[in-house]
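All remarks here apply to the structure that follows.
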Amino acid sequence: MSATKTFSENISQGISSALDLGCEEMVPTSLATAPFVSPSDGKCFFNIDSVSSCSARPNQPSAGTSYRRICPCACPENSFGTGSSVCTPCAPGSIAPAGSKFAIDCLCSPLDYTANVTGQCEACPLNSAIASFNTSDVFLGGSVLGWEGARSAQECGHFGSILGGYNQLGRSSFLRKTFPSLCRHNRVAIAFAFVAIDAWDGEAAMLFLDGVLVWDKTFSNQHVGDGGCGGAQGDALAVEGKLVVDHRERQMTVEFRTTLDRVGGPVDASWGLSFFVAGALCSGEDATACTASMPVPGNYGGLIDGELALVGDTGLVTTEFAINTQRALGVSLWLLENVAGIVDIETLQRWTLTGIDRLVLGEEGQNCNSVCASAGLSCSDTAFPYRVLNAPTVMPALARVLGIECDSSYSRVYDDLALFNPCIQTSYNYDSMGIVTSTTYHCYYGFREVYPGSSISAVIPTCSASNQYHERLCPCGIGGA
């Protein structure tokens, strides 16, 4: 049973009729145990303002009477069956989401196909795999890429080019796109960045999949964001959504809407999309479906090759989908998940092209060669993005991604340390007994280049520089020198 399912009067009455419970009176209740029936007096109870819970137990009204819960039962993951049958395990090597009803819901891994004759997972020919569905929309050059509801894409501060945005999408606006002719699948993974611009005041953004609400987020203009995008009513804030939804239809329609009610329209409050990515594992019925090359080995965003793994808090996503996402956007998943709201997508694409996959915080005295090597990666002086990393608005935000809250009173340009900027120095505060009472993080950034006709020497960060008192923030990758 879903923990967020409400059983209305009509639904509960239909259930009671189907089960021949003989309800003489339908009674509203706020109890999480509804729907339930009282056989002694013929009363059937349904939800009005609460949700049902599988673990809730009904209180007995009085001696000699009892309540009987009406429970919607479903098969667990990796099995299938209807309410009138037992649950049958999926064939070895195949998976299915909870609630699956038919054998067709059990899908093999991308390296196998489902044999028509045996129903078992059979290995694809050597160096081949089942092609997955994946789509990636990055809104460059003003293109809407088939989305309904927006006139064009436009620049939005450090979020780069977004679909819709200021003076386009506001009250009653929507963004919609239909993806036809999908492969056979049982769930779809979705990732996107929603940008709320200017005077949002507790209104919500929503994503619908085939008409069903699957994501929502409330925004306020008091969020700290980028004032360089939109009008003068507030800031802009980008929030990434990542989710996995059970889905089996051969067509998928996604639609973004909001509850904005500003009479001033999209000049007062507006919104847009920075990117949208979706993908699904496909099931093939014979070896002819094995048309894709093998997924590239690697470890992206903590995913392990060939296994299902967690991406953030979104649920199960496969390594193949992670790799396809990275390929589609040209950005590593770690950068997408952690830095896409701080640095624009085009910059992240350039980082990935030069071999930067993630940022790693070292220990005091370590240089970036050592820091990256400890993560199984490498650092390249030619790829070092010192201009972006050392920007005063970027450095504190990147530190926050790594769990460090920079003290604004100490965080500043420090030219003398430019060889190993950006970096962090930890300062401990003690009481009169010599006991540490708090910790302060001093975050430093800055560099010095050579300008024509200048006699000042350049001080530009390198991978080999280090300082015994500072922890370096290092750009690391599998393609470094």
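For segment 156-171, a tally of residues being surrounded by fewer than 19 Cβ atoms within 10 Å (Cβ to Cβ) and either without any contact (Cβ under 8 Å) to a residue 12 or more places away in the chain or aromatic (Phe, Trp, Tyr) (or both) returns 0. Output yes when any residue across segment 233-252 is at pLDDT 75 or above, at positive phi and in a strand (DSSP E or B), and no when none is. Scanning segment 233-252 turns up no residue that is at pLDDT 75 or above, at positive phi and in a strand (DSSP E or B).
Scanning for something within 30 Å of CYS106 (Cα to Cα), exposed (fewer than 14 other Cβ atoms within 10 Å of the Cβ) and at pLDDT 75 or above, does segment 215-222 turn up at least one residue? Explain how you work it out, then say what you get.
If we filter segment 215-222 for residues that are within 30 Å of CYS106 (Cα to Cα), which is where we start, we get 215-216.
With exposed (fewer than 14 other Cβ atoms within 10 Å of the Cβ) added as a condition, the list becomes none.
No.
Can we say THR288 is in a helix (DSSP H, G or I) and either loosely packed, with under 15 Cβ neighbours inside 10 Å or modelled with pLDDT of 80 or more (or both)? In short, yes. Only one of LEU145, LEU175 is in a loop (DSSP other than H, G, I, E, B) and of a type in the set (A, V, I, L, M); which? Going through LEU145, LEU175 in turn, just one is in a loop (DSSP other than H, G, I, E, B) and of a type in the set (A, V, I, L, M): LEU145. The number of residues in segment 386-424 being in a helix (DSSP H, G or I), modelled with pLDDT of 80 or more, more than 28 Å from the chain's Cα centre (by Cα) and closer than 11 Å to TYR444 by Cα comes to 1. The set of residues in segment 127-146 that are surrounded by 14 or more Cβ atoms within 10 Å (Cβ to Cβ), among the polar types (S, T, N, Q) and either touching a Ser or Thr at 6+ places or on another chain (Cβ under 9 Å) or at pLDDT below 75 (or both) comprises SER128, SER132, ASN134, SER136, SER143.
Anything in segment 326-385 that is small (Gly, Ala, Ser), at pLDDT 85 or above and in a helix (DSSP H, G or I)? List them, or say none. Correct list: SER370, ALA373, SER374. For segment 93-119: of the residues being over 23 Å from GLY279 (Cβ atoms) and modelled with pLDDT under 75, which is surrounded by the fewest Cβ atoms within 10 Å (Cβ to Cβ)? Ranking the qualifying residues of segment 93-119, first place goes to VAL117.
Condition check for CYS183 on (1) at pLDDT 80 or above; (2) outside the structural domain of LEU260 (by TED's automatic domain parsing): one failure, at (2). Of the residues making up segment 197-207, those that are in contact with a Gly (Cβ under 8 Å, 6 or more places away or on another chain) and not in a loop (DSSP other than H, G, I, E, B) are ILE197, ASP198, LEU207. Picking from residues in segment 445-474 that are outside any loop (DSSP other than H, G, I, E, B) and at pLDDT 85 or above, the one that is nearest to ASP381 (Cα to Cα) is CYS474. Of a type outside the set (Ser, Thr, Tyr), more than 22 Å from GLY160 (Cβ to Cβ) and modelled with pLDDT under 65: does that describe GLY306? Criteria met by GLY306.
The values are calculated or read from the model by the stated rules, or taken from the named source; none is laboratory data. Because the structure is predicted, anything quoted here is derived from the model rather than measured. All Cβ positions, glycine included, derive from the backbone under ideal geometry; neighbour counts span all protein chains shown.
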